[in-house]
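Asker: This structure is in structure tokens; I'll ask about it shortly.
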Amino acid sequence: MTEREKLLAEAKELNLEFAKNAKTDTIRDAVTKAKEEKMEEEAFVAEGGSVEVEEKPKTMEEIKAEMQAEFDAKLQMEKAKMQANMEVNIAMKDDTAGEQRASLGQAKLKARKEALALVRVVITVKDPAKQGWDGEIISAGNDVIGEVKKYVDFVNTEGGYHLPRIIHNVMRDRMCTVFVNKKGKDGKTLKEAKQIKAFSFEYLEPLTPDELTELGRSQTDRNAID
């Protein structure tokens with residue numbers, strides 16, 4: 001094995017890449033520097049320190065493959081959902097379906113009841129872009145339960161705020177992008193994009209029937225509801 005071949009093998013282990021026409025001296029210098037940095041990091045870790053490993057940028061092919069896989073998964077999910085909804089709708093309109101029609105109708109009512117069941121929470125807005133918002137209209141739904149819309153108050157939730165479960169689920173799964181500071185290898189501070197939950201929730205016990213009655217009376221007295 002020639003010196004160049006040996007250097008290229010070491011470079012591959014160190015995740016270094018070079019052009020085919022790169023000079024042997026250039027490869028040798030880069031490999032030597034990378035090995036020295038690796039030894040310094042290993043010694044630092046051995047003494048109790050921690051090193052943040054910078055994620056290697058993805059290639060365009062890797063990004064395209066991930067996007068295609070995500071698209072395919074969503075497409076299959078939507079196809080399954082459409083098939084299930086179609087079977088429910090056909091059975092609901094078919095007078096000859098008999099017990100199947102009644103069973104699917106009950107399943108549809110049950111699904112809607114579960115989707116609209118109230119969840120009592122305290123909401124914390126984590127999305128920096130919405131820190132000054134008083135609230136937002138959130139919508140959710142599907143062909144089985146229809147569309148559900150609700151104006152969600154972001155300000156007055158300390159005592160517990162009731163959300164339909166389907167609205168809560170949409171908010172729970174929503175993500176946003178924030179930028180955090182990190183140290184680069186040269187010691188300079190860099191901005192790194194990070195995905196976080198747009199909302200966080202503190203879950204409270206459901207109100208008792210008496211408390212719900214009192215809440216309704218209070219809202220009526222304050223003209224808080226139509």
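Asker: Among Asn15, Asn21, which is under 30 Å from Lys182 (Cα atoms), surrounded by fewer than 10 Cβ atoms within 10 Å (Cβ to Cβ) and modelled with pLDDT of 65 or more?
Answerer: Answer to the check: Asn15.
Asker: Next up: Can you name every one of the strands (runs of 3 or more DSSP E) wholly within the range 111-226 that holds 1 or more residues which are within 25 Å of the chain's Cα centre (by Cα) and of a type in the set (Asp, Glu)?
Answerer: It comes to 135-142, 146-153, 189-197, 199-203.
Asker: Quick check on this structure: which one of Lys191, Lys197 is exposed (fewer than 11 other Cβ atoms within 10 Å of the Cβ) and at pLDDT 80 or above?
Answerer: Lys191
Asker: Given the conditions (1) surrounded by fewer than 12 Cβ atoms within 10 Å (Cβ to Cβ); (2) in contact with a helix residue (DSSP H, G or I) (Cβ under 9 Å, 6 or more places away or on another chain); (3) at pLDDT 85 or above, and given that Met175 satisfies all but one, which numbered condition is not satisfied?
Answerer: (2)
Asker: Further, regarding this structure: Within the bounds of the range 69-81, is there any residue that is at pLDDT below 75 and either surrounded by 12 or more Cβ atoms within 10 Å (Cβ to Cβ) or in contact with a Leu (Cβ under 7 Å, 6 or more places away or on another chain) (or both)?
Answerer: Yes - at least one qualifying residue is present in the range 69-81.
Asker: Anything in the range 109-127 that is acidic (Asp, Glu) and surrounded by 13 or more Cβ atoms within 10 Å (Cβ to Cβ)? List them, or say none.
Answerer: The one that is acidic (Asp, Glu) and surrounded by 13 or more Cβ atoms within 10 Å (Cβ to Cβ): Asp127.
Asker: Restricting the search to the range 149-161, which residues are surrounded by 12 or more Cβ atoms within 10 Å (Cβ to Cβ) and closer than 16 Å to Val125 by Cα?
Answerer: Scanning the range 149-161 gives Val152, Asp153, Phe154, Thr157, Gly160, Tyr161.
Asker: Which one of the conditions (1) more than 30 Å from Pro209 (Cα to Cα); (2) exposed (fewer than 14 other Cβ atoms within 10 Å of the Cβ); (3) in contact with a Lys or Arg (Cβ under 9 Å, 6 or more places away or on another chain); (4) at pLDDT 85 or above does Ile137 fail to meet, given that it meets all the rest?
Answerer: Single failed check for Ile137: (1).
Asker: Looking at Lys130, Lys126, Lys150, can you tell me which residue is charged (D, E, K, R), outside the structural domain of Ala107 (by TED's automatic domain parsing) and touching an Asp or Glu at 6+ places or on another chain (Cβ under 9 Å)?
Answerer: It is Lys130.
Asker: Report, ordered by the first and then the second residue, all pairs with beta carbons closer than 6 Å, sequence separation of six or more or different chains, a first member in the range 160-179 that is in the same structural domain as Asn142 (by TED's automatic domain parsing), and a second member that is of a type in the set (Val, Ile, Thr) and surrounded by fewer than 18 Cβ atoms within 10 Å (Cβ to Cβ).
Answerer: Cβ pairs passing all conditions: Val178/Ile196.
The values are calculated or read from the model by the stated rules, or taken from the named source; none is laboratory data. Values in this document were obtained by computation on a predicted structure and should not be read as measured data. A quick note on method: Cβ atoms are made from the backbone with ideal geometry, for glycine too, and the neighbour counts reach across all protein chains shown.
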